[in-house]
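Sharing a structure below in structure tokens format, with a few things to ask.
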Amino acid sequence: MSTPQPPLLQFPTDYPIKVVGRTSDTFRARIDAIFSAHVPDLDSSVTTERLSGNGNFQSISYVIRAVSAEQVTALAIDLKACPDVLIVI
């Protein structure tokens with residue numbers, strides 16, 4: 001018999017997530033709305049935004065206080081479903 005493995009993360013935990021998409025006037029608002037739906041207590045003071053060298057792409061880095069693996073998974077699914085998002089890291 002094998003021993004069950006402990007979970008990789010212990011919750012709650014600070015969890016960094018970076019979202020990359022094409023630069024647009026609405027990208028930040030759309031991504032913020034997705035985060036707000038999953039992380040009601042999101043601290044925007046630890047959110048950073050950066051443009052690529054040519055300004056074609058925009059990345060937004062968040063650090064959330066994740067309370068469960070299910071929360072992180074649901075957030076990632078919604079981010080990946082957004083047509084503006086190219087990469088979720």
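The values are calculated or read from the model by the stated rules, or taken from the named source; none is laboratory data. Computed from a predicted structure; not experimentally measured. Cβ placement follows ideal geometry from the backbone for every residue including glycine, while neighbour counts extend to all protein chains displayed. For accessibility, only protein heavy atoms count, side chains too; no ligands or nucleic acids. Shrake-Rupley method; radii C 1.70, N 1.55, O 1.52, S 1.80 Å.
What does segment 47-89 give for Rg and for Dmax, in Å, if only its C-alpha atoms count?
Both quantities, over Cα of segment 47-89: 12.2, 37 Å.
According to a simple spin-label model (label point 7 Å from Cα along Cα-to-Cβ), what is the distance in nm between N54 and D25?
Computed distance between label sites D25 and N54 equals 2.3 nm.
Across segment 5-15, in residue order, what do the Karplus-derived ³J(HN,Hα) couplings come to in whole Hz, using 6.51 cos²θ - 1.76 cosθ + 1.60 with θ = phi - 60° and x for Gly and Pro?
7, x, x, 5, 10, 9, 9, x, 8, 6, 10
Here's another thing I want to ask about it. How large is ³J(HN,Hα) for each residue in segment 74-84, as worked out from phi by the Karplus curve 6.51 cos²θ - 1.76 cosθ + 1.60 (θ = phi - 60°), to whole Hz, x for Gly and Pro?
5, 4, 4, 4, 5, 5, 5, 7, 6, x, 7
Give the value in nm², to one decimal: projected area of the alpha carbon convex hull of the chain, averaged over all directions.
7.0 nm²
Probe of 1.4 angstrom, ligands and nucleic acids ignored: what's the accessible area per residue over the chain, in square angstrom?
I get 68 Å² per residue for this part.
Starting from the Cα-Cα distance between D14 and D84, subtract it from 0.36 nm times their residue separation and give me the gain in nm to one decimal. Present the calculation step by step, with values, prior to reporting the outcome.
Details: separation 70, 0.36 × 70 = 25.20 nm, distance 2.52 nm.
Stretched out fully, the D14 to D84 stretch lengthens by 22.7 nm.
Continuing with the same structure: Which of L75, L42, L51 moves the most in a Gaussian network model of the chain with Cα springs under 10 Å?
L51
If I fit a long axis through the Cα atoms of helix 27-38 and take the longest principal axis of the Cα atoms of the chain, what angle between them do I get, 0 to 90°, rounded to 10?
The answer is roughly 20 degrees.
Ok, one more. Between E70 and S45, what is the label-point separation in nm under the 7 Å Cα-to-beta-carbon projection?
Here the answer is 3.1 nm between the modelled labels.
Then there is this: Quick one: what are the phi-derived ³J(HN,Hα) couplings along segment 66-73, Karplus 6.51/-1.76/1.60 with θ = phi - 60°, whole Hz, x for glycine and proline?
So the J values, rounded to whole Hz, are 6, 9, 6, 5, 5, 4, 5, 5.
How much mean residue ellipticity at 222 nm does the chain get from its helices, if each DSSP H run of length 4 or more adds -39500 (n - 2.57) and you divide by all residues, to the nearest 500 deg cm²/dmol?
Rounded to the nearest 500, it is -9000 deg cm²/dmol.
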